[in-house]
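The values are calculated or read from the model by the stated rules, or taken from the named source; none is laboratory data. Predicted model, so just to flag it, every value in this text is computed and none were measured. No Cβ is skipped: glycine too gets one built from the backbone with ideal geometry, and neighbour counts run over all protein chains shown. Accessible surface areas use protein heavy atoms only, side chains included; no ligands, DNA or RNA. Shrake-Rupley method; radii C 1.70, N 1.55, O 1.52, S 1.80 Å.
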Amino acid sequence: MSSTDAAPAAGFAETVVRWQRASGRHGLPWQGTRDPYRIWLSEIMLQQTQVATVVDYYLRFLARFPDLRTLAAASQDEVMPYWAGLGYYARARNLHRCAREICERLGGAFPRRAEDIAQLPGIGRSTAAAIAAFAYGERAPIMDGNVKRVFTRYFGIYGNPAARAVELQLWDTAQAMLDAADASLDMGAYTQGLMDLGAGCCTRGKPACTLCPLAGGCYARINAKQHELPAPKPRKQAEERQCAMLILEQDGCVLLEQRPSSGIWGGLWCLPQYDDAQAMRAACRSQGTDPGPAQRMAALSHTFTHFKLHIEPWLLRGAAPRLRQPAPGQAWTPVAALADTALPAPVRKLLCGLYPTDGLL
Ligand code: SF4
């Protein structure tokens with residue numbers, strides 16, 4: 001069901017632009033530039049992550065990798081510590097792959113058209129359009145989670161927004177708004193305005209309709225349907241998984257293992273992980289380490305997009321027969337160096353509890 005025909009399209013984009021200039025977000029570190037590298041980095045970091053969290057990561061990342069060539073020349077191991085704690089690590093791996101691809105295949109020139117940008121690793125249609133709009137002023141529509149909320153409410157678009165048919169309807173509607181807009185439309189302000197409206201005004205729980213520039217024509221406000229739109233996704237029971245992790249400490253060092261470059265926490269340094277405590281003890285014994293004195297620590301949980309991981313941590317101090325040679329992919333890491341190591345958030349939290357004075361937080 002849709003009420004798209006009833007909501008006014010004329011002036012939609014211009015209204016958003018006027019509102020953005022007067023009331024939108026300004027002065028963020030990635031605004032006021034046309035450098036596609038800086039814009040691209042911000043768009044990738046902002047996926048699934050709040051602006052307030054991204055700012056420090058963005059500035060730190062740029063200080064170390066100020067341009068595409070510097071990023072492409074670095075190894076993945078050099079990049080990952082600058083992403084550690086931000087989550088969704090495939091974003092960082094794709095960013096790095098993408099920088100290399102642009103340098104090797106395109107001579108270092110960032111593509112200009114949204115259609116070409118969307119061919120790069122880890123860049124979807126909406127992100128490509130945002131980069132092209134901010135860097136080059138291209139008239140390409142965006143459709144991220146925030147914008148979906150604004151469009152479903154304003155136009156009264158029902159159905160799961162992640163379903164193919166509904167998504168196509170949303171994209172068509174977004175394109176129609178651009179087609180109806182004036183030729184001189186400021187694409188940067190329009191794109192930013194849609195993002196700002198979704199993030200700050202048309203929020204999920206309590207939309208601030210009295211402050212919204214679209215209130216006059218909004219289907220959801222007029223019909224008091226704000227809480228029915230967007231239609232909720234069908235609920236799936238989150239899967240629960242268990243594991244044991246071992247903090248093996250010896251001579252001021254902790255044994256860490258690097259994750260394979262794809263998959264959960266890909267490329268990050270993690271504690272040795274086992275299915276359960278029994279498997280952990282068996283692995284210790286097979287490596288000549290007595291697991292007897294291992295102490296169980298307080299359990300913790302970490303939520304991923306598709307499952308929840310319950311971690312049973314164990315601490316074993318000074319029990320390795322000697323500072324044994326680490327296996328390939330393992331490293332004895334000095335406690336003092338943990339702060340600069342790319343650790344997943346729950347591992348960092350665990351180690352913070354043990355070594356609170358070593359600048360891990
Ligand atoms: S009027 Fe309310 S529901 Fe409609 S777009 Fe604005 S904030 Fe969202």
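In region 222-361, taking the dipole from charged Cβ atoms about the Cα centre, the farthest positive-side position among Gln273, Pro356, Thr289 is held by Gln273. A Gaussian network model of the chain, with springs between Cα atoms under 10 Å, assigns the largest mean-square fluctuation among Gly27, Gly124, Gly156 to Gly27. Taking the 1.4 Å solvent-accessible surface of the chain as the whole, the part contributed by carbon and sulfur is 50%.
Using only side-chain charges placed at the Cβ, +1 for Lys and Arg and -1 for Asp and Glu, the dipole size of region 246-361 relative to its Cα centre rounds to 100 debye. Over the chain, DSSP H runs of length four or greater, each weighted -39,500 (n - 2.57), average out per residue to a 222 nm ellipticity of -11500 deg cm²/dmol. Taking all protein chains as shown and a probe of 1.4 angstrom, Asp186 keeps an accessible surface of around 60 Å². With an 8 Å cut-off on Cα pairs and a minimum separation of 6 or more residues, tell me the relative contact order of the chain in percent. That works out to 18 percent. Once the 1.4 Å probe is applied to the protein heavy atoms, the chain comes out at 48 Å² accessible per residue. Straight-line reach from Lys225: which lysines have a Cα under 18 Å away, not including same-chain ones fewer than 8 places off? Output for Lys225: Lys148, Lys206, Lys233. Report, in degrees rounded to the nearest 10, the 0 to 90 angle that the Cα long axis of helix 145-155 makes with the longest principal axis of the chain. Around 30 degrees separate the two axes. Axis angle, to the nearest 10 degrees, between helix 36-46 and the longest C-alpha principal axis of the chain: 70 degrees. Basic side chains Lys and Arg get +1 at the Cβ, acidic Asp and Glu get -1 at the Cβ, and with that the dipole of region 227-275 about its Cα centre reaches some 360 debye.
In the complete set of protein chains, residue-level accessible area for Glu43 is approximately 20 Å², probe 1.4 angstrom. Note that region 184-195 has calculated 3J(HN,Hα) couplings of 8, 3, 7, 5, x, 5, 5, 4, 5, x, 4, 5 Hz, one per residue in order, obtained from phi through the Karplus relation 6.51 cos²θ - 1.76 cosθ + 1.60 (θ = phi - 60°); glycine and proline are x. Remark: accessible surface ordering of Ser261, Ser184 (largest first) is Ser184, Ser261, probe radius 1.4 Å. With 0.36 nm allotted per residue and the present C-alpha distance subtracted, the His310-Ser184 stretch has 40.0 nm of extension available.
When every Cα-Cα distance of the chain is counted in 20 angstrom steps from zero, the calculated P(r) takes the values 26, 47, 24, 3 percent.
Per-residue extension of 0.36 nm, minus the Cα-Cα distance of Asp77 and Glu104, leaves a gain of 7.8 nm for this segment.
Within the listed set Gln278, Gln330, Gln169, the Gaussian network model of the chain (springs between alpha-carbon atoms below 10 Å) gives the highest mean-square fluctuation for Gln278. Within region 234-328, the trypsin sites (Lys or Arg not before Pro) that combine a DSSP coil assignment with at most 15 other C-beta atoms in a 10 angstrom radius are Arg235, Lys236, Arg322, Arg324.
With the simple model of a label 7 Å out from the Cα in the direction of the Cβ, Arg97 to Ala336 spans 3.8 nm.
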